[in-house]
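Below is one structure, written out as structure tokens; the observations come after it.
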Amino acid sequence: MQKESFEFKVELLFKGLKLLEATGEDDLPANALETNANLIDKIARKGGAGPAGGIYVRFKDFFQANVPMQEQMVANSDLLLQEPPFNGDFQVYKEEESGNLIPYRQLAKIPRPSFYDDEYISKEGNAIETPVPYRKIALVHGLDCIATTINQSCKYWVCGSQCVFCAIENSDALPQKDPGALIAFTEQARKEHRVSHFTLTSGTQDGPDGGALEYIPFVEALKANFKYPVHVQISPIKDQSYIDQLYYAGVDNIGIHVETYPDTNRHRYTPGKSEIPLRLFEQNWDHAVQVFGDNQVESYLLVGLGETETEFDQAVEFIAGHGVIPFVVPARPIANTKLNKNQLGSYDDLVRYYLYAAKILKEQGLDPRRAKAGCVRCGLCSAIGEAVRVVDRYP
């Protein structure tokens with residue numbers, strides 16, 4: 001990979017793509033006059049767990065990316081589109097200071113699976129009683145990662161202490177999923193060659209396992225029917241035997257996400273989750289690495305939440321020092337959350353962050369490209385994998 005391709009992905013992740021406003025009555029036919037927000041909603045999901053509000057694209061054979069498009073994310077972007085990219089190749093323009101648009105790069109939209117709007121009809125005994133569109137069961141992230149949030153509720157939302165960037169309960173997906181439905185979704189995806197691994201997420205639940213055991217029926221069903229590797233995400237738990245149970249159920253890769261660092265940022269941006277002491281994260285990370293092995297434990301590290309460069313560097317060293325891959329992702333101000341903006345000054349700052357993280361990973365002998373499943377293997381919301389590939393080319 002060339003340095004320029006890595007930097008272009010970082011630019012896309014930070015700036016996003018802005019859709020030009022229609023400038024007159026002749027821009028669209030009378031029966032198709034829609035606001036940008038409505039058009040964007042058709043190609044970029046608004047809520048849910050993880051980085052929402054983006055579209056899946058490819059840049060040649062160099063990378064895939066989930067690029068922000070929701071209007072509150074891209075207000076200051078100079079990367080523009082003249083029309084919504086529903087299918088195929090499309091042109092990205094860069095806006096000069098004069099206001100002129102110059103052709104910048106061509107991207108290809110990763111196609112939407114054809115079966116999303118088909119209805120899943122459950123078999124007798126399944127939890128889903130009425131026909132539902134397949135897209136409410138799971139989504140294909142990028143080309144071939146099947147992702148679903150098995151439980152869209154989170155205990156921190158009940159008391160208003162949810163993470164400020166989280167939209168897990170602002171979703172039109174099924175609030176609770178069913179293993180049989182996920183099997184049916186995977187069978188449809190496999191027909192179109194759109195599956196190679198799974199990402200299962202959940203909100204944090206009450207109880208000593210924090211909801212970790214809810215994954216087990218899903219993992220066991222997936223492993224009984226397919227051979228694809230599975231990633232799950234949990235909050236730190238005091239009884240780490242639950243981590244062992246996930247491993248023996250068939251989980252291949254696990255995420256235990258600190259989200260942001262240091263504690264001052266945790267209290268501000270993850271008020272409920274910040275009550276979990278960092279020491280418990282360390283204990284869970286250490287145990288998970290022993291159980292799952294090298295390169296199979298990750299932690300989201302959101303950037304642009306007011307952290308200084310020094311604090312970011314310390315966070316990377318803290319996470320990677322435990323043998324965990326810091327999955328560096330620019331925080332997105334998703335609609336209907338408490339996050340208003342990403343506070344990084346420019347995408348050059350994000351380039352520096354990624355290169356520093358890649359340097360530390362290499363020093364620790366970690367390689368995100370060896371992750372068996374999940375967010376790190378998918379890599380569309382982050383450029384950490386690309387950074388590891390090019391970091392040696394920088395002085």
Relative to the Cα centre, what is the charge dipole magnitude of the chain, using +1 at the beta carbon of each Lys and Arg, -1 at the beta carbon of each Asp and Glu, and rounding to the nearest 20 debye?
-> 660
Efficiency of FRET between Arg105 and Ala224 - r from beta-carbon atoms, R0 41 angstrom, step 0.05 = 0.40
Taking square-rooted eigenvalues a ≥ b ≥ c of the alpha carbon gyration tensor, is the range 217-356 rounded, prolate or oblate, where a/c under 1.5 means rounded and, failing that, a/b exceeding b/c means prolate?
-> prolate
How about the chain: what cysteines have no other cysteine beta carbon under 4.7 Å from their own?
-> Cys154, Cys159, Cys375, Cys381
Which of Thr264, Thr270 comes first, and how do the rest follow, when ranked by fewest Cβ neighbours within 10 Å?
-> Thr264, Thr270
Span from the the range 359-395 Cα centroid across to the the range 79-150 one, whole angstrom = 25
Dividing the helical contributions, -39500 (n - 2.57) per DSSP H run of n ≥ 4, by the residues of the chain yields a 222 nm value, nearest 500 deg cm²/dmol, of -9000 deg cm²/dmol
Order of Lys155, Lys60 from fewest to most other C-beta atoms within 10 Å?
-> Lys60, Lys155
Match the structure shown to one of the listed values [x] 30; [y] 50; [z] 20 of percent of Cα pairs over 36 Å apart, computed from it, and give that label.
-> [z]
What FRET efficiency would be calculated for the residue pair Ser98, Glu309, taking the C-beta separation as r and a Förster radius of 30 Å, to the nearest 0.05?
-> 0.35
Residue order, fewest to most beta carbons within 10 Å, for Thr148, Thr310 = Thr310, Thr148
Per residue, how much space in cubic angstrom lies within the convex hull of the C-alpha atoms of the range 311-395?
-> 117
Are any of the pairs Lys9/Lys362; Lys94/Lys372; Lys60/Lys273; Lys3/Lys191 more than 30 Å apart by Cα-Cα distance, and if so, which?
-> Lys94/Lys372; Lys60/Lys273; Lys3/Lys191
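Rule-based calculations on the coordinates, nothing more; no lab input. Everything numeric here is computed off the predicted structure, so don't read it as measured data. FYI the Cβ positions are ideal-geometry reconstructions off the backbone, even for glycines, and counts take in every protein chain you see.
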